[in-house]
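Comments concern the structure below.
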Amino acid sequence: MIRQYTSQDINAVLNIWLTSSIKAHDFVAAEFWESQVNNMRDIYIPISKTYVFELESKVVGFYSLYENMLAAIFILPECQGKGIGKQLITHAKDQCPSLTLNVYTENVASYQFYLSQGFTIASEQMCEHTGHMEYTMILS
């Protein structure tokens, strides 16, 4: 079930974000992601429109929109590959039909997933926070 985020979800969302970020971005030091937890809690989640995915009353995934940007979409690693990401993307498209997102070029599984969901690569640039290359993708 997908529902709007509430403040009671913050610990689950931060755990999903940190666990998934470290696994998906093994080319970036885990310490970088750990150093960003407070920013996620205090800045990024509060300014975004966030939805969570519940499975058996447990939050196992979420996505966040900031204006037309899909700023985050993360699923617990043990719950990936079960169609949750597709459901979250479909829900996000319903909220904002002109989505854009950024994804690291080294995160091949994720950008291939976005391609399969109708996104195309619009540009490539260096992420100012990590120094790694990323794609900007748009929903086509």
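Residues of the range 19-35 that are closer than 16 Å to residue 129 by Cα and either buried (at least 18 other Cβ atoms within 10 Å of the Cβ) or within 14 Å of the chain's Cα centre (by Cα) (or both): 21, 22, 25, 28, 33. So, in the range 68-103, exactly how many residues are of a type in the set (Asp, Glu) and over 19 Å from residue 120 (Cα atoms)? Counting residues in the range 68-103 that are of a type in the set (Asp, Glu) and over 19 Å from residue 120 (Cα atoms) gives 1. Would a scan of the range 106-125 turn up a residue that is farther than 19 Å from residue 11 by Cβ, surrounded by 14 or more Cβ atoms within 10 Å (Cβ to Cβ) and among the β-branched types (Val, Ile, Thr)? Yes.
Helices (runs of 4 or more DSSP H) fully within the range 1-118 that include at least 2 residues being under 18 Å from residue 140 (Cα atoms) and of a type in the set (Phe, Trp, Tyr): 108-116. Considering the range 81-105, the residues that are among the small types (Gly, Ala, Ser) and touching a residue at least 40 places away in the same chain (Cβ under 8 Å) include one that is most open to solvent (accessible area, probe 1.4 Å), namely 98. Residue 27 meets each of the listed conditions (1) farther than 26 Å from residue 94 by Cα; (2) at pLDDT 95 or above apart from (2). In summary, residue 10 fulfils each of the numbered conditions (1) in contact with a Ser or Thr (Cβ under 8 Å, 6 or more places away or on another chain); (2) over 18 Å from residue 130 (Cβ atoms) with the single exception of condition (1). Residues in the range 36-58 that are crowded, with 17+ Cβ neighbours inside 10 Å and of a type in the set (Phe, Trp, Tyr): 51, 53.
The values are calculated or read from the model by the stated rules, or taken from the named source; none is laboratory data. Computed from a predicted model, the values in this text were never measured in an experiment. No Cβ is skipped: glycine too gets one built from the backbone with ideal geometry, and neighbour counts run over all protein chains shown. For the accessible areas, the whole protein counts, side chains as well, though only heavy atoms, and no ligand, DNA or RNA atoms are used. Shrake-Rupley method; radii C 1.70, N 1.55, O 1.52, S 1.80 Å.
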